[in-house]
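Colleague: A single structure is presented below for examination.
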Amino acid sequence: MKNILLLLLTFFLCSDAVNAQVQVPFSRGVNLTGWFQAGSARQVQFSRYTRQDFENIKSLGCDVVRLPINLHYMTGGAPDYQLDPIFLNFLDQVVDWTEELGLHLILDNHSFDPSANTDPNVGNILKKVWPQMAAHFKDRSERVYYEVLNEPHGISDAAWNSIQKEVVTAIRAVDTKHTIIVGPAGWNSYNNLAAMPVYEDDNLIYTFHFYDPFLFTHQGASWTDPSMEPLAGIPFPYQADKMPSFPSALSGTWIQSAFNNYSFDGTLNRVKQLIDLAVAFRDARQVPVYCGEFGVYMPNSDPNERVNWYEQVRNYLEAKQIAWTMWDYHGGFGLFRAGSNGLFEHDLNVELANALGLNTPEQSPYVLQADTTGFLIYDDYIGPRIFESSYTQGALDYYNSSQPHNNSYSLYWADGTQYNSIGFDFRPDKDLSYLVANDYGLDLFIKGKGAATAFDIRFLDSKTSEAGDHPWRIRMTVDAQLLPWDGEWHYLHLPLREFTEQGSWDNDSWYNPIGAFDWSAIDRLEIVAEHGSMNGRELWFDQIWVAKEGTTASVDRPAPGLDIKVFPNPTRDLVQVQSESLGMIYAELYDAQGKRVLQDQFSGRTMIDLRQFPGGLFWFLFYNERGEVVTCRKVIRN
């Protein structure tokens, strides 16, 4: 009897030791999509996320972030595929934040087109970009991971396995420290895990993605072939009386076959069977495995059934000790309520967060308040809670370093065709009614080249559900009557109250103005080639603010009567504010989210410890005794 007990004890101890060897060092997290998935490094809106967002993610109980990167487009292209220094600068800051917060960070090569098969020659690019990445990050903490390529597909297992092995070897020639995440062909399918080779490298994690039953998780998706947009109302789990009629537009496709088989595929038992394929691979190979993506697209799925699917899949993954990163944080599969502004304190999908076992902060309704101080739109980076929404066929560069008016960069635009635009989408919307009534304007610096240059700057209000309402426009034309196009920087102040209503383009129809434009619900700002093609013309923009005239357009220009210095800048922790003028200084400090974190008054000089505030980017606004903004200083905390 003692021998039997000893054998059983030995078995369980050995099992625990083996399981410990195949576990990944993180447990749960999110995919931070739509950030580094840009067409070039200069199209990355870096201010879209800040350190505060990573703090928020950690507060949910997550310990890992998977960062999809359009990595091949973060280079100068063929033949060398040299990584853009701006991209590396951005990514360094992200790694700083995650290291400081103790988060794991997966650098996911998401150079991925679902409509195109993976090029059999993709290894030529991978073997150029990944050694550069490895050389750059080799001395960083072990919490940084390299994921070779997201969802290779339309390529044989043998061909992809050969390519991936060569890439692993190329990385190891530079960096033997960091864990590499490898995945199978077939869209990183659990079905293809078993076809992967046995690697001698034991510092690997194997990934798979899970979106089954696909008919449920992707109903409404436009990127499938054929499009699944007509499909809606598929339940999970399968219930015969809840199944919708099959769309005739999809008859004869693989989707109809999946629909006919849904009584079998749309069950929780089937979901578990498919996840068990990844579990069996892990246990047979004794290698760490994690689920890099799983999720349900929002538009056409029932919200309660969507939450139930996440809960069931998450529970089973965790029961089988498989770590996960859900797809995604913000986005069509995301953690925030559909159609919301995605605000952490107001818009989290509480039911979904709870289903994922996350720590959900208390939520409160968002109430739009009138802006009373003005705000930044662009200064090296797009301002807080403003999202790039441009459409142009010409050149557009948010980080042009050729003689910016201030700091490091300016916004460059050239060769746009008629109706192309630079867009700044306010999320949430802005109430500018107070600013209009109190003589605020659009404050900016512009320089241009090209005869007869003319374009509009316009605000668009929010379209409501009221009958007859449209996204009304109010505009001002900038042309040679306002500025000389001499290639030099010129200051321009456009009073908001002098903008004129233009009308609305909505649902492919034009509506003449009727006096309905609403300054209290501004959706976005656009700079648009309204008057014709911009071919052959170049424009630069810098220091774009909504502000009082002459107050915040140049952060380096001394304020009238207030010679204020803020240093060191950038700073690690402490920043000193100093004024040589007599009298009291009135100051407010805003974080990168536009939230006021400090309001104070002082004279002479004072020291402020930025460690008490989250984030790495701040703005000081300084006021005179009448409460008017007189100058601004941007502060970067490294």
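Colleague: Could you check how many percent of all C-alpha pairs in the range 399-498 are farther apart than 22 Å?
Modeller: Roughly 42 percent, rounded to a whole number.
Colleague: Order these peptides, 41-52, 279-290, 336-347, by their mean beta-carbon neighbour count within 10 angstrom, highest first.
Modeller: Numbers: 41-52: 20.7, 279-290: 17.8, 336-347: 16.2.
By packing density, highest mean first, the sequence is 41-52, 279-290, 336-347.
Colleague: Let me ask another. Once the Cβ-Cβ distance between Lys320 and Asp157 is put in as r, and R0 is 30 Å, what FRET efficiency do you end up with, to the nearest 0.05?
Modeller: Here the calculated transfer efficiency is 0.80.
Colleague: For the range 252-305, what does the equivalent ellipsoid look like in terms of its semi-axes, each the square root of 5 times an eigenvalue of the Cα gyration tensor, given largest first in whole Å?
Modeller: Whole-Å semi-axes of the equivalent ellipsoid: 27, 16, 11.
Colleague: What does the extension gain come out to for Ala194 and Glu501, with contour length at 0.36 nm per residue minus their alpha carbon separation?
Modeller: Net length gain for the segment: 104.2 nm.
Colleague: Hey, quick one: spin label on Asp225, modelled 7 Å out along Cα-Cβ, who in the range 111-129 has an amide N within reach, i.e. under 16 Å?
Modeller: Only 112-120 pass the distance filter.
Colleague: Moving on to the next point. Can you list the residues, at least 5 places off or on another chain, whose amide H is less than 5 Å from the amide H of Phe294, using H built in the peptide plane?
Modeller: Phe210, Trp327
Colleague: Further question: Taking the Cα-to-Cβ direction at Ser533 and at Ala467 and moving 7 Å from each Cα, how far apart do the two end points lie in nm?
Modeller: Those two pseudo-labels are separated by 4.4 nm.
Colleague: Residues of the range 316-333 with amide nitrogen under 20 Å from the 7 Å Cα-to-Cβ point of Asn354?
Modeller: Inside the label zone: 316.
Colleague: At 0.36 nm per residue, and after removing the present C-alpha to C-alpha distance, how many nm does the segment from Asp201 to Asn638 gain when stretched out fully?
Modeller: This chain segment gains 153.8 nm when fully extended.
Colleague: Test of understanding: what is the full-extension gain from Asp241 to Ser59, defined as 0.36 nm times their sequence separation minus their Cα-Cα distance?
Modeller: 61.4 nm
Colleague: Take the Cα pairs of the chain, get the Kirkwood Rh, then feed it into Stokes-Einstein at 25 °C and 0.890 mPa s and tell me D in µm²/s.
Modeller: 90 µm²/s
Colleague: What distance in nm separates the two pseudo spin-label positions at Arg572 and Gln273, each 7 Å out from Cα along the beta-carbon direction?
Modeller: 6.0 nm
Colleague: Here's another thing I want to ask about it. Can you pull the Rg over Rh of the range 449-546, Cα-only, Kirkwood? Display every interim value, and only then the final one.
Modeller: Numbers: Rg = 15.0 Å, Rh = 14.9 Å.
Reported Rg/Rh, Kirkwood definition of Rh: 1.01.
Colleague: Counting only heavy atoms of the protein chains, get the accessible area per residue of the chain (1.4 Å probe) and round it to a whole Å² value.
Modeller: Counting only protein heavy atoms, the per-residue value for the chain is 42 Å².
Colleague: Using only the alpha carbons of the range 366-443, what is the convex hull's orientation-averaged projected area in square nanometres?
Modeller: 6.5 nm²
Colleague: Rank by packing, highest mean first: peptides 360-367, 544-551, with packing defined as the count of other Cβ atoms within 10 Å averaged across residues.
Modeller: 544-551, 360-367
Colleague: Compare the peptides 477-486, 318-327 by average per-residue count of other Cβ atoms within 10 angstrom and give them in order, highest first. Don't jump to the answer; show the numbers that get you there.
Modeller: Working: 477-486: 13.8, 318-327: 20.1.
Per-residue mean Cβ counts within 10 Å order the peptides as 318-327, 477-486.
Colleague: As a test, work out the antiparallel percent of DSSP beta bridges whose residues both lie in the chain, rounded to the nearest 5.
Modeller: 75 percent
Colleague: Could I ask something else about it? Report, please, the projected area of the range 83-205 averaged over directions, based on the convex hull of its C-alpha atoms, in nm².
Modeller: The directionally averaged projection comes out at 7.7 nm².
Colleague: Follow-up. Quick test of the membrane-span-like rule: which DSSP H helices of the chain reach at least 18 Å along their long axis (C-alpha atoms) with mean Kyte hydropathy at least -0.5?
Modeller: Values: long enough: 2-22 (30 Å, 1.33); 85-101 (24 Å, 0.34); 122-137 (22 Å, 0.26); 157-172 (22 Å, -0.12); 268-285 (26 Å, 0.06); 303-319 (24 Å, -1.45).
Long hydrophobic helices here: 2-22, 85-101, 122-137, 157-172, 268-285.
Colleague: In nm, to one decimal, how far is the Ala116 label point from the Lys449 one, both placed 7 Å along Cα→Cβ?
Modeller: Result for the modelled spin labels: 3.2 nm.
The values are calculated or read from the model by the stated rules, or taken from the named source; none is laboratory data. Model, not experiment: these values are computed from the prediction. Virtual Cβ from ideal backbone geometry, glycine too; neighbours counted across all protein chains shown. Please note that ligands, DNA and RNA were not included when accessible areas were found on the heavy atoms of the full protein model with its side chains. Shrake-Rupley method; radii C 1.70, N 1.55, O 1.52, S 1.80 Å.
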